[in-house]
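One structure is given below, encoded as structure tokens.
The values are calculated or read from the model by the stated rules, or taken from the named source; none is laboratory data. Keep in mind the model is a prediction, meaning the values are calculated, not measured. Please note: Cβ atoms are built from the backbone with ideal geometry, for glycine as well, and neighbour counts cover all protein chains shown. Side chains are part of the model used for accessible areas, which takes the heavy atoms of the whole protein and leaves out ligands, DNA and RNA. Shrake-Rupley method; radii C 1.70, N 1.55, O 1.52, S 1.80 Å.
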Amino acid sequence: MSMPNANGREIFFGDAIKEALAEELRRDPTVFMLGEDIAEAGTTFKVLNGLVDEFGKDRILDTPISEPGFTGLAVGAAMTGLRPVVDIMFGDFSGLIMDQVANQAAKIHYMSGGKLKVPMVLRTTMGAGRRSAAQHSQSLHAWYSHIPGLKVVVPSTPYDAKGLMKSAIRDDNPVVILEDKMMYKTVKGYVPEEEYIIPIGVADIKREGSDITLIATSSMVYVALDAAKLLEEVGISAEVVDPRTLVPLDKQTLVESVKKTSRAIIIDEGYEQYGVTAELASVIADEAFYYLDAPVKRMGAMNVPIPFSPALEDLTIPNAKGVFEMAKSLCNK
Amino acid sequence: MAQVKTKKSESISTIDREQLLHMYEQMFKIRAFEEQVNELYQSAKMPGLAHLYIGEEAIAVGVCEALNKEDYITSTHRGHGHCLAKGASIDKMFAELLGKDAGYCHGKGGSMHIADQDTGNLGANAIVGGSSGIATGAAFASKRLGNGRVAVCFFGEGALGQGLVYESMNMAQLWKLPVIYVCENNLYNEYTHHSESTAGSMKARAEAFGILTVEVDGQNVREVHETAIKLVEHARKGEGPAFMLCNTYRYHGHHVGDIAREYYRPKEEELKWKNDNDPLKNLSSWLTENGLADAGIFEQIESTVSKEVEEAVNFALNAPFPAPEEVTNHVYA
Ligand SMILES: Cc1ncc(C[n+]2csc(CCOP(=O)(O)OP(=O)(O)O)c2C)c(N)n1
Ligand SMILES: [Mg+2]
């Protein structure tokens, strides 16, 4: 379990991301960022505040509101010697850029028979709960995960976010990182003083347990951890596994955990239908079937556009109570 | 209809006194509504954020007063003014903003998605430029169905970064569709001055398609209205689309939470617009100078509207949230 470090500091999720970007911008002059209001405004979430002061407006580049245009520009720049980090303010705008990502960035290396490379990072946001309604609240990481040629990262802690961001920037493939916008200034965690990277494609066990495995992504890791605490009170020991990257997927860690506990719930904030939960459940069904004592269960966002009203929005996202109830019933308690 | 002559003998043939007073009332209603929205945000009674239209009232009112009830509009994230100007009622709008069942969209849409078919409002849109296809499609349907309706597409100058806008304009001109693109140039795309995001001339963009293009003072409701009447007539006669560039300014932040703004626009600039070019003051002083109204009339309008706004907000505050079942209702027709 990669966890607190004695000589670390506790910093926010957003600040860990900014640190990773700053270190890579310092290390490699070909790295630059582009997106809307990322320079003086430091993004609409104020996550990149101050970067422009150190790196200037040429490397922290404000763009017009032209997502397909600047994403395409990044693809071209990545193919020809630069390492762009694209900022797409809301993951909901993925529809606008999808041709550039899915038909261009993802396929160029393969189509060129390995001759061309697209070393770019696309950062965008996910997560509901901000009362931002249907076009600003979706978690669309499954869209990217469907496309071969893309790597997809969904960090849950400041430590993971920083280490994975640095790997993503150094990767020679297009890497999409989806950051939960509600975690930027609410989730704090230990991050070492010294430099480190986390390889893409390695899951992490966030809590050890023996009765049931809760596989959770991004902010759902906290939902799972809260559920695990509730479960502990009724004598159920839950293990919480965070895949951290969806593509490539560390199947082995997930499968080993379920083989040990023989029960699994998969919790993810994307829409449940045809989503990440379905893919992960199929991995468990394929590779741990004979170890299972209960059906694999999935909990995703409800299959509805995210409603604005708090009274409705809160119903659409998995919560600790729901996970607790589901886990209890799987464990026959 | 009374002919009005100004001192400068500019003739206002199409707008009579009653109409002008009505437009004052509409503009004041928008302002009072928005001030109340800000209040609701600051007192933490409103979920999420809202983008206030204060300062830009003359555009929505001047344009919508040139439309019939059956005509269509599409609106933006900064859409409350458009909705009200097209005839929405303030109690249902407040209820929507508070996520209540009595709101226009049962609380599912919120500030950025208010739609009201009864007044021809096809909806606000939280995707910048996202409604240009929709407005153009509505104009296409009007033409195909021969119902004589016109569609107005409101958008901010930031939307000029979006390719969809140009694709839509091209088709509108090719097929002579009755759509008017109303560009509200309030100088800023969020926190970025348009000069940093928009190369060349704004007008020339539409002119390149051969679209009838007019630039107006967006703080002068008479000018906006007179121009809109002409463009609507042009569209209704089947002569094709138009592009109306309105120069304006938003007094408040990009959204209600954007308080510290000096890093992107100076206080003096804000004060200059507020003091020297306010759409309400511009109209009231013009009416007064021309002997068509006195202070008493405006006071009366303002007190009536303020009372209406107060009642509406109380209605919304006391209205119930939608029932949980509402969350899965309306996913499919
Ligand atoms: C496609 C898309 N990109 C980015 C955003 C985020 N965003 C919301 S409003 C806005 C600025 C819009 O500026 P403008 O069109 O001038 O409208 P204004 O806010 O000035 O009325 C941006 C970038 C968005 N909603 N949609
Ligand atoms: Mg603007």
How many residues are free of Cβ contacts under 8 Å to residues at least 60 places away in the same chain, open to solvent by 10 Å² or more (accessible area, probe 1.4 Å) and of a type in the set (Ser, Thr, Tyr) if we restrict to the range B:150-191? 1
Tell me whether the range B:133-149 contains one or more residues that are within 20 Å of B:Ile30 (Cα to Cα), open to solvent by less than 30 Å² (accessible area, probe 1.4 Å) and of a type in the set (Val, Ile, Thr). no
Residues A:Ile38, A:Ile17: which one is surrounded by 16 or more Cβ atoms within 10 Å (Cβ to Cβ), in a loop (DSSP other than H, G, I, E, B) and either touching a helix residue (DSSP H, G or I) at 6+ places or on another chain (Cβ under 8 Å) or within 11 Å of chain B (Cβ to nearest Cβ) (or both)? A:Ile38
Hits in the range B:240-260 - residues which are in contact with a strand residue (DSSP E or B) (Cβ under 6 Å, 6 or more places away or on another chain) and part of a loop (DSSP other than H, G, I, E, B): B:Pro241, B:Thr248
Is the range A:117-126 home to any residue that is within 14 Å of chain B (Cβ to nearest Cβ), touching a His at 6+ places or on another chain (Cβ under 8 Å) and surrounded by 23 or more Cβ atoms within 10 Å (Cβ to Cβ)? no
Please go through the range A:58-88 and pick out each residue that is within 14 Å of chain B (Cβ to nearest Cβ), in contact with a Phe, Trp or Tyr (Cβ under 8 Å, 6 or more places away or on another chain) and within 17 Å of A:Met165 (Cα to Cα). A:Ile60
Kindly state which helices (runs of 4 or more DSSP H) lie completely within the range A:217-333 and contain at least 3 residues that are surrounded by fewer than 17 Cβ atoms within 10 Å (Cβ to Cβ) and acidic (Asp, Glu). A:220-233
Please go through (1) part of a loop (DSSP other than H, G, I, E, B); (2) open to solvent by less than 10 Å² (accessible area, probe 1.4 Å); (3) among the small types (Gly, Ala, Ser) for A:Gly114 and return the number of the only condition it doesn't satisfy. (2)
Tally, over the range B:65-102, of residues that are assigned to a helix (DSSP H, G or I) and under 9 Å from the mean Cα position of the chain (by Cα): 6
Of the residues in the range B:311-323, those that are open to solvent by less than 80 Å² (accessible area, probe 1.4 Å) and within 10 Å of another protein chain (Cβ to nearest Cβ) number 2
So A:Ala106 fits all but one of (1) assigned to a loop (DSSP other than H, G, I, E, B); (2) more than 14 Å from A:Glu269 (Cα to Cα); what number is the exception? (1)
Just checking, how many residues over the range A:275-307 are within 14 Å of chain B (Cβ to nearest Cβ) and of a type outside the set (Val, Ile, Thr)? 5
Considering every residue within the range B:82-103, establish whether at least one is polar (S, T, N, Q) and touching a strand residue (DSSP E or B) at 6+ places or on another chain (Cβ under 7 Å). no
Tell me, yes or no, whether the range A:159-169 has at least one residue that is part of a loop (DSSP other than H, G, I, E, B) and either outside the structural domain of A:Ala301 (by TED's automatic domain parsing) or not charged (D, E, K, R) (or both). no
Would you check if there is a residue in the range A:62-82 being charged (D, E, K, R), touching a Gly at 6+ places or on another chain (Cβ under 9 Å) and over 27 Å from A:Glu269 (Cα atoms)? yes
